[in-house]
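Nothing in this text is a laboratory measurement; each read-out follows from the coordinates by a stated rule. This one's a predicted model, so the numbers in the text were calculated from it and none came from an experiment. In this analysis, Cβ positions are derived from the backbone assuming ideal geometry, glycine residues included, and neighbour counts consider all displayed protein chains.
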């Protein structure tokens, strides 16, 4: 058995995830503590803040509440696995399979049914647009011009992890 102990004290196996153990409090807490880009940013900016920004961008684009919630939770598997930077992920085939399996379970718990291809496209377009914006503002490096697609540009300011955690939980409850 390969369990981790979550913030709420659950013995959770990220390799064989049990849907009933998926907890928004665990997800929100962990994502509020994980720094984007493995900390290679000008200031502390978390995966939780990124997730909230993606959710608010989906709302600004008038996407469905399902897509907004999917955006909020698109990196939720990282709460149980880890945040691995994009250039490294393709080299970790087993990790990608585990991440996909876990992310699917998480989305099924919160969304009830799988995302359509169009919904998945919307989620990951926002993720890419936000990544471009974060690179420009937090690195700085102009990764691409995708940030120009954003309707809602977050401030990317340092926020306390507890505030980020509470915002993420509140948004998840509102969108369910």
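Tell me, how many Å apart are the Cα centres for region 112-148 and for region 59-99?
11
Springs between alpha-carbon pairs under 10 angstrom, Gaussian network model over the chain: which of 109, 158, 47 fluctuates most?
158
Only helical DSSP H runs with n ≥ 4 go in: add -39500 (n - 2.57) per run for the chain, normalise by residue count and round the 222 nm mean residue ellipticity to 500 deg cm²/dmol.
The per-residue figure over the chain is -16500 deg cm²/dmol.
Would you look at the GNM of the chain, springs on alpha carbons closer than 10 Å, and say which of 104, 116, 46 moves the most?
In this elastic network of the chain, the residue with the biggest mean-square fluctuation among 104, 116, 46 is 116.
Zone of residue 7 (label point 7 Å along Cα→Cβ, backbone N under 18 Å): which residues in region 139-172?
Once the point is set 7 Å along Cα→Cβ of residue 7, 158-172 turn out to lie under 18 Å by backbone N, inside region 139-172.
So what is the relative contact order for region 4-175, in percent, with contacts set as C-alpha pairs under 8 Å and at least six apart?
This gives 30 percent for region 4-175.
Over the chain, with a Gaussian network built from C-alpha contacts below 10 Å, which listed residue (31, 98, 56) shows the highest mean-square fluctuation?
98
Could you give the nm distance between label points at residue 85 and residue 148, where each point is 7 Å from its Cα heading toward the beta carbon?
2.6
Could you state the principal axis extents of the C-alpha atoms in region 63-176, from the largest down, to the nearest angstrom?
37, 36, 30
Once you have the Cα-Cα distance between residue 124 and residue 38, take 0.36 nm times their residue separation minus that, and quote the gain in nm to one decimal.
That pair, residue 124 and residue 38, stretches by 28.9 nm at full extension.
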